[in-house]
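Q: Supplied in structure tokens, the structure appears directly below.
The values are calculated or read from the model by the stated rules, or taken from the named source; none is laboratory data. Quick caveat: nothing in here was measured; it's all calculated off a predicted structure. Cβ placement follows ideal geometry from the backbone for every residue including glycine, while neighbour counts extend to all protein chains displayed.
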Amino acid sequence: TLQLEENILIDIPPYTFLCYEIDRDNRKLGEVLIFREQEGDEPALSITARSGIWETGADGTLTLKLFDGTIKHQDPRDHRKFSSIIFEQHSLKLQSPVELQDADRSIEAMTGAEIREKIRGMKERGEPVYQLKTRYHLRSALAGAVPILLITGIPFGIRAEKKGKTIGIGISIFVIAAYYFLTVTGLKLALDGYIPPLPGAWLANTITAAFGSVMIIKSYYR
């Protein structure tokens, strides 16, 4: 089976996956991010897709069929340059579950010190590290998301109490959707090398915290 979890970075060498919606009953994926570090002559790449499905072959090989997305290949001579391919459908073959058991240890299972050591080794070999650094910073960003969303929700909760439960539910959906959009945007910009890894991983938290602080100040002076 495809060992993916919603909103969690998963390594299936040589790729790393991030999916925001998974329908296991129908084998469907929604909002998919895939990236691969540069390996030898193989350039680093990132794939984004609006949706996808997965199939398992008789030999256990997994195939992802992605729809409505973009593939970006990094120029190995200039990491700031990319070539882009827009696709309606793209298939990606993965390792079988048996091969996955022998794969390298997942980044999610590594400690911060181990990831920093891996980044240091990649730098010494002259390999690009912006994707791995983005994943490293994303872990702390996601951990900090809960208190930031709680703080942001305080002024909206006060308003919802005055205006009714329906308004409160609508505001909650809006805040979550906005945070999700900002997270995806930050990751795409960082994984494609347009902005540094740290601000890319923390983009959603930074904007949400700033917005929440302004709303709290406004509520206090009303």
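Q: Is it the case, given these coordinates, that I154 is surrounded by 11 or more Cβ atoms within 10 Å (Cβ to Cβ), hydrophobic (A, V, I, L, M, F, W, C), modelled with pLDDT of 70 or more and under 15 Å from D11 (Cα atoms)?
A: no
Q: Kindly establish whether E127 is among the acidic types (D, E) and either within 17 Å of W202 (Cβ to Cβ) or modelled with pLDDT under 80 (or both).
A: Yes; evaluated as a whole, the condition is true for this residue.
Q: Considering each residue of region 165-196, count those that are at pLDDT 80 or above and under 12 Å from the mean Cα position of the chain (by Cα), and give that number.
A: The total comes to 11.
Q: Can you report the number of residues in region 169-207 which are surrounded by 17 or more Cβ atoms within 10 Å (Cβ to Cβ) and more than 27 Å from G69 (Cα to Cα)?
A: Summing the residues that are surrounded by 17 or more Cβ atoms within 10 Å (Cβ to Cβ) and more than 27 Å from G69 (Cα to Cα) in region 169-207 gives 1.
Q: I need the full set of residues from region 21-40 which are at pLDDT below 80 and either under 14 Å from the mean Cα position of the chain (by Cα) or acidic (D, E) (or both), in order please.
A: Hits for region 21-40 are E37, E39.
Q: While we're here: For residues that are modelled with pLDDT under 85 and surrounded by 12 or more Cβ atoms within 10 Å (Cβ to Cβ), tally how many sit in region 73-91. Spell out how you get there, then give the answer.
A: First, pick out the residues of region 73-91 that are modelled with pLDDT under 85: 73-83.
After this cut, where a residue has to be surrounded by 12 or more Cβ atoms within 10 Å (Cβ to Cβ) as well, the list is 73-76, 79, 82.
Result for region 73-91: 6.
Q: Would you confirm whether any residue within region 41-48 is part of a strand (DSSP E or B), in contact with a strand residue (DSSP E or B) (Cβ under 6 Å, 6 or more places away or on another chain), modelled with pLDDT of 85 or more and of a type outside the set (S, T, Y)?
A: Looking through region 41-48, at least one residue is part of a strand (DSSP E or B), in contact with a strand residue (DSSP E or B) (Cβ under 6 Å, 6 or more places away or on another chain), modelled with pLDDT of 85 or more and of a type outside the set (S, T, Y).
Q: Please work out if T111 is under 20 Å from K123 (Cβ atoms) and at pLDDT 75 or above.
A: For T111, the condition - under 20 Å from K123 (Cβ atoms) and at pLDDT 75 or above - is met.
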